[in-house]
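The values are calculated or read from the model by the stated rules, or taken from the named source; none is laboratory data. All figures in this text were calculated on a predicted structure; none of them were measured in a lab. When we count neighbours, we look across all protein chains shown, and the Cβ atoms used for this are built from the backbone with ideal geometry, even at glycine. All accessible areas refer to the heavy atoms of the entire protein, side chains included, with ligands and DNA or RNA removed. Shrake-Rupley method; radii C 1.70, N 1.55, O 1.52, S 1.80 Å.
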Amino acid sequence: MKSAVIVFPGSNCDRDLAVCLRDVTGTAPQMIWHRETELPHDLDLIGIPGGFSYGDYLRSGACAARSPVMQAVVKAAARGVKVLGICNGFQVLTEAGLLPGALMRNAGINFVCRPVKLRVENNQNAFTARYAAGEEVRISVAHHDGNYSADEATLDRLEGEGRVVFRYAEAVNGSARDIAGIINNAGNVLGLMPHPERAAHLGQGADDGRRVFESLLGA
Amino acid sequence: MTNPAASTSAITPEIIADHGLSEEEYARVLRALGREPNLTELGIFSVMWSEHCSYKSSRIHLAKLPTQAPHVICGPGENAGVIDIGDGQAAIFKMESHNHPSYIEPYQGAATGVGGILRDVFTMGARPVANMNALRFGSPDHPKMKHLISGVVRGIGGYGNCVGVPTVGGETNFDPAYDGNILVNAMTVGVADTDRIFYCAAAGIGNPVVYVGSKTGRDGIHGATMASADFAEDADAKRPTVQVGDPFTEKLLIEACLELMASDAIVAIQDMGAAGLTSSSVEMASKGGVGIELNMNSVPQRERGMTPYEMMLSESQERMLMVLKPGRESEAEAIFLKWELDFAVIGHITDTEHLVLKWHGETVADIPLGPLGDDAPKYDRPALSRDAYKAWALVRPLDPATIPESTDIAADLLKLMASPDLASRRWIWEQYDHMVGADTVAPPGGDAAVVRVHGTEKALAITTDCTPRYCYADPYEGGKQAVAEAYRNLCAVGATPLAITNCLNFGNPQRPEIMAQFVGCIEGMADACRALDFPVVSGNVSLYNESKATGGGSAILPTPAIGGVGLLKDWRKAATCEFKASGEAIILIGGQDKGHLGQSLWLREVMGRKDGSAPPVHLTDERRTGKFIRNQAAQGSVTAVHDVSDGGVAVALAEMALAGDMGLYWPESLRLDHPGEELKFLFGEDQGRYLVTTVDAQSLLSDAETAGLRAVVLGQTGGDALHIGAHAIPLATLRAAHEGFFPKLMDGEL
């Protein structure tokens, strides 16, 4: 599988995602600097990592969504290349319009970093095929703005179309309908707040996140 | 503070006093220059001779600390200490205080404390891999305390989370002595290749001096001077001296510096911390035995009309000073521009051994470097004798007859587990990204944090420790204990302790009783470091931690915070404290059970008394027990390890049970050196002890006997309650007590 990880100024989970992709897929991803305007044509996956792109200035993900490389990501997504946005990457995807809704400040106001219980709501996609539908897993979150918000019609549509992929099984950040991760209509763009790359092997305390990458490999 | 419009104003006694210089020190300035200084020069002397930068009251005592060992690559004197961790790699670390700014403006004070210590570490070529902190707050019910706690924790998280360095642990204590002067000590550990370590000594006459990072503004002017005086009633009026941090810029600065450091373009590099451009330029030139000339018009400035005085004293954050090899400027500039950071050649190295500042073509300062650095004032301040100190400290001896024979042990334990000093710190560390980097093996909450050395089997163990109430009761024993506890916490995760950094927080050194605390703690630390082969490789001194704001000029408790670093050859062998499986034997190893209740948390929290001596530390036993524990962990013959410290055996057991969500049975009569004294055994804070669990008690007991260590089987794991003698304390009750304190405090329910 050929993958790339986008690096914005202030990204700080880029290495973690790259290491995880290398370990699980056997091939190191290309690291793509935010100033690039084109992406390699044969990519299977684009990873948008966690962190604080552009220092979270303006709004989390807002500046990154307007950086040169994101035009190329939007085009690649339209071609069907899979895009995985984790944490700040999810925020970037919503700001870029690749996914609906927005990630607001956590309801509890504070930054929250801990393992949380998630339910895999949908395994009929390239990102979660290796999970059982309804399976409960533990993956850590680490965010200040993870409170998923969208209007009722959008939320109903996401639910109706089976696009809520991960749902919190405990109170975390006040997200509407406990949404932790959603997918686009075409099924090739996933955004989620939890960090599967931090739960890729048991040395990290849990390996529940590994199957996201194994699913991609098998797809 | 007088804010000069120009650098040529006449120097009046008021201006000298405003700059925190004594008459005697000003006379010394006159001798050093052979003339009157101008205002810029006076400002430079003022910050360089501040306690914060010159260590003038502490230097002669710091020299007592052992700093050498075969694994020490670089001891105190550089930006941070460097130790060898094998395979051509080094760990680089330091701890530093940001106390005064954090009291005045807790979010920015704590955040810039983290930023400053990170720079000390990556300046030397290391990628920062872990942050730790040691926090001391006042009484939880003090009207200002919730604001301070919340601000400090958010500030540490806000900065560390954004730069992407995990905050993996620390310690937090409460005592009314910190009501008007909280302590925020931040520690960073980084990893570098031993052949890629960068130092600050400038070299090469004519080499360019380069400024990188953020622009210079008017923030933080005189921060170092502020940090070198007691708080008067007007602490709030000092707010403009607090710097404002930008962790995003710091992240860019880390990446840009490390990228440039991969080449050989850098001769020397120094971060601009306290006293900013002044101390960085003076230190680089002094260390290199050269001179330095800076053109102030070239300094990147955030505001218009800044004077050399302001530029030299600004403590704007996220800035570095470098000396480059000649001709390498454009290569370096390209890297910094890529990361969208300022880059400016602002001067060059000279052979004058003077600091010379030019502005609009004129010389606006010309100071010989000697008097600013090595020949700065140094004081041997008077200290009370040990006996005179004891009399002053008013610590009453603990009369055994005044301790009740029995009490409700279950109620006492619940009270202790819910008390501010022992309650779960989850509310704090869940606000820190403690996992970024994906190398955190042991999250906060254990004896020491364990972080993998990226891409290797190795791991670093890191801990911060100090028990200020012991240090107050007996500075010498307290200093020893702080080092010994750091040692113990590293051994408890299976790591070999290698070296320490320290952050010495004390009151006003011009008071003989405070100097007695300082000297006593240093001497205790020195003896412990020597006996444990655990040298000091870096450190920081923070004096004048006193506040008149709370009425009375009260000093903090003496707080020599220790940051210990150890090495695990295989991160998979890291020991953790939680009970793993039921039916395992629980064994107490090492030390002696004298039932030392003096200065114990039980005595303070349950009886409301602060009496008695600090528990003594037996250093040879400490070392032997630590080695035994490490070996057992490495062999995998223990399933859990936890050191016995605050709150004694009962609290340690409760912590192991909560962490593993598994109870214990201790049905036998307590095995005591002094039968019948259940209370003393459970809550005594005798030193040098560990609790372990094992599936093979016989072989562990026999190993302990061979090693000459005492080992006592206390009971076994299992169930969902602590069954201690006739008591049964449900884990759920214990957990509610333990987890409740911080959320309730911060929600205003306490």
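The angle separating the long axis of helix B:106-122 from the principal Cα axis of greatest extent in chain B is about 80 degrees. With both labels modelled 7 Å from their Cα along Cα-to-Cβ, the A:ASP23 to B:ASN631 distance reads 3.3 nm. Where does helix B:648-660 land angle-wise versus the long Cα axis of chain B, in degrees 0 to 90, nearest 10? For helix B:648-660, the angle is close to 90 degrees. Averaged over peptide A:201-208, the number of partner chain Cβ atoms lying within 10 Å of each residue's Cβ comes to 3.
The lysines within cross-link reach of A:LYS82, meaning a Cα-to-Cα straight distance under 19 Å and a gap of 8 or more places when in the same chain, are A:LYS2. Annotation: amide H of A:ALA206 within the under-5 Å range of A:HIS201, sequence separation 5 or more or interchain, hydrogens built in the peptide plane. Accessible surface for B:LEU65 stands near 20 Å², nearest 10, in the context of the full protein assembly shown (1.4 Å probe). With q set to 0.06 Å⁻¹, the log10 of I(q)/I(0) for chain B, from the Debye formula over equal scatterers at the Cα positions, is -0.35. Ranking B:GLU678, B:GLU36, B:GLU171 from most to least accessible surface, computed with a 1.4 Å probe over the protein chains only, gives B:GLU36, B:GLU678, B:GLU171. Would you work out which of A:ASN88, A:PHE166, A:GLN30 lies farthest towards the positive end of the dipole of the range A:3-218? Charges go on Cβ: Lys and Arg +1, Asp and Glu -1. Result: A:GLN30.
Find the accessible area per residue for the protein assembly as shown; the probe is 1.4 Å, ligands and nucleic acids are left out, and the unit is Å².
Values: 32290 Å² over 969 residues.
On a per-residue basis, 33 Å².
Listed values for the range B:38-44 are Karplus-derived 3J(HN,Hα) couplings in whole Hz (6.51 cos²θ - 1.76 cosθ + 1.60, θ = phi - 60°), namely 8, 5, 4, 5, 4, x, 5, and x replaces Gly and Pro.
Arrange the peptides B:78-86, B:463-471, B:605-613, B:342-350 so that the one whose residues have, on average, the most other Cβ atoms within 10 Å appears first. Each step should come with its number before you reach the end.
Details: B:78-86: 24.0, B:463-471: 27.2, B:605-613: 17.2, B:342-350: 19.8.
Going from most to least packed, we get B:463-471, B:78-86, B:342-350, B:605-613.
Note on B:HIS100: accessible area approximately 0 square angstrom, rounded to 10, probe 1.4 Å, nucleic acids and ligands left out.
At a Förster radius of 41 Å, what calculated FRET efficiency corresponds to the Cβ-Cβ distance of A:GLU152 and B:ALA736, to the nearest 0.05?
Details: r = 37 Å, r/R0 = 0.91.
About 0.65, to the nearest 0.05.
Backbone phi angles across the range B:47-62, fed through the Karplus curve with coefficients 6.51, -1.76 and 1.60 (θ = phi - 60°), yield HN-Hα couplings of 6, 5, 9, 5, 3, 4, 9, 9, 6, 5, 8, 10, 4, 5, 8, 4 Hz in residue order; Gly and Pro are listed as x.
If R0 equals 51 Å, the separation of the Cβ atoms of A:GLU159 and B:LYS144 corresponds to a calculated FRET efficiency of about 0.65. Do any GluC sites (Glu not before Pro) in the range A:115-210 lie in a DSSP loop with no more than 15 other beta carbon atoms within 10 Å, and if so, which? Passing sites in the range A:115-210 are A:GLU135, A:GLU161, A:GLU170.
Counting only other chains, and only Cβ atoms inside 10 Å, what mean value do you get across the residues of B:148-161? Please list the in-between numbers first.
Values: counts 0, 0, 2, 0, 0, 2, 4, 0, 0, 4, 4, 0, 0, 9.
Mean shielding by partner chains, rounded to a whole number: 2.
If R0 is taken as 25 Å, the Cβ-Cβ distance between B:TRP392 and B:GLN510 corresponds to a FRET efficiency of 0.95. Each DSSP beta bridge with both residues in chain A is either parallel or antiparallel, and the antiparallel ones are about 60%. In sequence order, the range B:256-267 has phi-based couplings of 5, 4, 5, 5, 5, 5, 6, 9, 10, 7, 8, 8 Hz under the Karplus curve 6.51 cos²θ - 1.76 cosθ + 1.60, θ = phi - 60°, and Gly or Pro positions carry x. Taking every DSSP bridge with both residues inside chain B, close to 80 percent are antiparallel. Summing both sides, the accessible surface hidden between B and A at a 1.4 Å probe radius is close to 2200 Å². Here the range A:3-218 exposes an accessible surface that is 49 percent carbon and sulfur, computed with a 1.4 Å probe and the other protein chains kept in place. In summary, the lysines within cross-link reach of B:LYS744, defined as a Cα separation below 22 angstrom excluding same-chain residues under 8 places away, comprise B:LYS144, B:LYS146, B:LYS415. Taking amide hydrogens as placed 1.01 Å from N in the peptide plane, the amide H of B:GLY715 sits under 5 Å from those of B:ILE586, each at least 5 positions away in sequence or on another chain. Here the protein assembly as shown is assigned +1 on the Cβ of each Lys and Arg and -1 on the Cβ of each Asp and Glu. Its dipole about the Cα centre then comes out at about 960 debye. Applying both filters, DSSP loop and at most 14 other Cβ atoms within 10 Å, to the chymotrypsin sites (Phe, Trp or Tyr not before Pro) of the range A:52-141 gives A:TYR57.
Between the alpha-carbon centres of the range B:302-365 and the range A:63-91 there is a gap of 39 Å. The range B:312-470 has equivalent-ellipsoid semi-axes of 51, 32, 14 Å, by the square roots of 5 times the alpha carbon gyration tensor eigenvalues, sorted largest first. Across the protein chains, with a 1.4 Å probe defining accessible surface, the residues B:GLU96, B:GLU546 rank B:GLU96, B:GLU546 from largest area downward.
Packing order of peptides B:655-662, A:72-79, highest average first: B:655-662, A:72-79 (average count of other Cβ atoms within 10 Å over each peptide's residues). Are there GluC sites (Glu not before Pro) in the range B:312-414 that DSSP puts in a loop and that have at most 15 other Cβ atoms within 10 Å, and which ones? Passing sites in the range B:312-414 are B:GLU340, B:GLU353, B:GLU405. Amide H to amide H, with H built 1.01 Å from N, B:ALA365 comes under 5 Å of B:LEU357, counting only residues 5 or more places away or on other chains. Distance between the C-alpha centers of the range B:397-433 and the range A:1-57? Whole Å please. Between the Cα centres of the range B:397-433 and the range A:1-57 lies a distance of 47 Å. With 40 Å² as the minimum drop in accessible area between chain alone and full protein complex (1.4 Å probe), the qualifying residues in the range A:101-126 are A:ASN110, A:PHE111, A:CYS113.
Ranked by the mean number of other Cβ atoms within 10 Å of their residues, highest first, the peptides B:195-201, B:116-122, B:290-296 fall in the order B:116-122, B:290-296, B:195-201. The overall shape of the protein assembly as shown is oblate: from the C-alpha gyration tensor, with semi-axes ordered a ≥ b ≥ c, the ratio a/c is 1.5 or greater and a/b is no larger than b/c. Once C-alpha pairs closer than 8 Å and six or more residues apart are averaged by separation and normalised to the residue number of chain B, the relative contact order reads 15 percent.
Restricting to the protein assembly as shown, compute how many DSSP beta bridges are antiparallel as a %, nearest 5. Show your work: numbers first, answer last.
Working: 116 of 154 bridges.
DSSP beta bridges in the protein assembly as shown are roughly 75 percent antiparallel.
In angstrom, the C-alpha Rg and Dmax of the range A:3-218 are 15.4, 42.
May I ask for the net charge around B:LEU490, where only other residues with Cβ less than 13 Å from the Cβ of B:LEU490 are counted and Lys, Arg are +1 while Asp, Glu are -1?
Values: positive: B:ARG488, B:ARG623, B:LYS627, B:ARG630; negative: B:ASP447, B:ASP465, B:GLU485, B:ASP533, B:GLU622, B:ASP643.
Residues close to B:LEU490 contribute a combined charge of -2.
Averaged over the residues of peptide A:8-19, the number of Cβ atoms from other protein chains lying within 10 Å of each residue's Cβ is 5. Shape verdict for the range B:584-645, please, from the Cα gyration tensor: rounded (a/c under 1.5), prolate (a/b greater than b/c) or oblate. Judged from the Cα gyration tensor, the range B:584-645 comes out prolate (a/c at least 1.5, a/b above b/c).
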